[in-house]
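The next block holds one structure in the form of C-alpha cells; read it before the comments.
The values are calculated or read from the model by the stated rules, or taken from the named source; none is laboratory data. Since this is a predicted model, take the numbers as computed values, not measurements. Ideal geometry is used to build each Cβ from the backbone, glycine not excepted, and the neighbour counts take in all protein chains shown.
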Amino acid sequence: MRRFFIDEQRIKGGKIVLTGPEAHHIRDVIRLRPGDRFAGIDGKGRFYTLGVEKSGKDILACIEKISLSCVINADIMLACAISKKSGMDDIVKKATELGASGIIPMITERTIVKADQKTGSVKRGRWQRIAVEACKQSGRATLPKIYDIMSMPRALDLVKDLGCANKIIPFVGEGLACINDITLNKGASSAIFIGPEGDFTVEEIDLAKGAGFNPVSLGSLVLRVDTACYYTLSVISSRLLSMK
C-alpha cells in the first residue's frame with residue numbers, strides 16, 4: 001500500500017480527514033476511490049491501515065488498524081555544516097532514511113552558505129517537508145526533528161542539554177583514532193558533527209573537544225560533506241545497534 005503522512009490531530013471517532021497535498025495525491029495522482037486502502041504514518045512511530053470513505057476536495061478515511069513500528073533506530077543527532085547549493089536537501093533526505101533522530105543545520109567558520117532568520121525559516125520548512133517525504137518513501141514511522149540553523153557553539157550547547165553521551169566529530173588530521181576503534185556507550189544517545197568544505201578549523205576542534213567530543217578519522221581519503229554524513233551515520237548506527 002502507498003504510504004501517506006497523517007496529522008493525528010485530525011483523527012476523530014476512528015476517522016481522519018486528509019487535506020492539501022496528501023489529499024491531492026490520493027485523489028488525483030493514484031486515484032483512490034471509496035473502498036480502496038492506503039497506509040498512513042504519523043511521524044511518532046505509528047502505522048495506520050486506512051480505507052477511503054469519501055473522496056472530494058478532502059479525503060475522509062476510516063482507520064481500520066493501528067500498529068507500532070518494529071523498526072529500531074539508534075538515537076543519533078546529526079549536526080552538519082550547511083553545504084553548497086542543494087546539498088543540504090540531499091543530506092536531510094538520506095539522513096532521514098538512515099535513521100537520524102534529529103538534524104541540526106550548522107554555521108561554522110568555513111561555511112560558505114549563510115542564512116538570515118527569514119531565509120533560515122524557509123529552508124527549515126523545506127527540509128522538514130523533505131524529511132516527511134523520506135519517511136514515506138522509506139517506511140520510517142518516526143519523523144526526525146529539523147532544528148533551526150545555528151552556530152557551532154550553540155549546537156554544542158544543544159547537544160549538552162540533550163545529554164548525548166557518544167560525541168563524534170570527524171576531522172582530517174594526523175594521529176586520530178579510526179571511527180571503528182572508538183569506544184561507544186551502549187544504549188546511549190549520540191551526536192555527530194560534520195564540517196564544511198574545507199573542514200573544521202583547529203580552534204573549532206578544540207572547542208568540540210572541550211565539550212567532550214572525540215575527533216576521529218574516516219580513513220585516508222578526503223570525503224565530501226554529504227559522503228562524510230552518510231558514512232559516519234552508517235558506521236555509528238551499525239555499531240550501536242549491534243550492541244543492543
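Within segment 220-244, residues that are free of Cβ contacts under 8 Å to residues at least 60 places away in the same chain have Cβ atoms under 6 Å from residues that are surrounded by fewer than 17 Cβ atoms within 10 Å (Cβ to Cβ) and basic (Lys, Arg) in these pairs: Met243/Lys186, counting only partners at least 6 apart in sequence or on another chain.
Residue-by-condition table, conditions (1) surrounded by fewer than 19 Cβ atoms within 10 Å (Cβ to Cβ); (2) among the aliphatic types (A, V, I, L, M); (3) part of a strand (DSSP E or B):
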| site | (1), (2), (3) |
| --- | --- |
| Lys54 | yes, no, yes |
| Val71 | yes, yes, no |
| Lys84 | yes, no, no |
| Val113 | yes, yes, no |
| Val122 | yes, yes, no |
| Gly125 | yes, no, no |
| Asp148 | yes, no, no |
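Screening segment 127-146 for residues that are among the small types (Gly, Ala, Ser) and not in a loop (DSSP other than H, G, I, E, B) and picking the one that is modelled with the lowest pLDDT gives Ser138. Looking across segment 187-228, the residues that are in a strand (DSSP E or B) and either closer than 21 Å to Ile149 by Cβ or among the aromatic types (Phe, Trp, Tyr) (or both) come down to Ala191, Ile192, Phe193, Ile194.
The selection criterion, being modelled with pLDDT of 95 or more and more than 19 Å from the chain's Cα centre (by Cα), does not hold for Asp181. For first residues located in segment 22-36 and among the acidic types (Asp, Glu), partners that are surrounded by 11 or more Cβ atoms within 10 Å (Cβ to Cβ) and lie 6+ apart or on another chain with Cβ distances below 6 Å form the pairs Glu22/Phe4; Asp36/Val52. Residues of segment 24-48 that are of a type in the set (A, V, I, L, M), crowded, with 18+ Cβ neighbours inside 10 Å, over 14 Å from Ile11 (Cα atoms) and within 28 Å of the chain's Cα centre (by Cα): Ile26 alone. Restricting segment 155-173 to residues that are in contact with a strand residue (DSSP E or B) (Cβ under 9 Å, 6 or more places away or on another chain) and either part of a loop (DSSP other than H, G, I, E, B) or not assigned by TED's automatic domain parsing to the domain that holds Met88 (or both) leaves a set whose member that is surrounded by the most Cβ atoms within 10 Å (Cβ to Cβ) is Cys164.
Does Ala100 fit the bill of being outside any loop (DSSP other than H, G, I, E, B), at pLDDT 95 or above and assigned by TED's automatic domain parsing to the domain that holds Thr201? It is false that Ala100 is outside any loop (DSSP other than H, G, I, E, B), at pLDDT 95 or above and assigned by TED's automatic domain parsing to the domain that holds Thr201.
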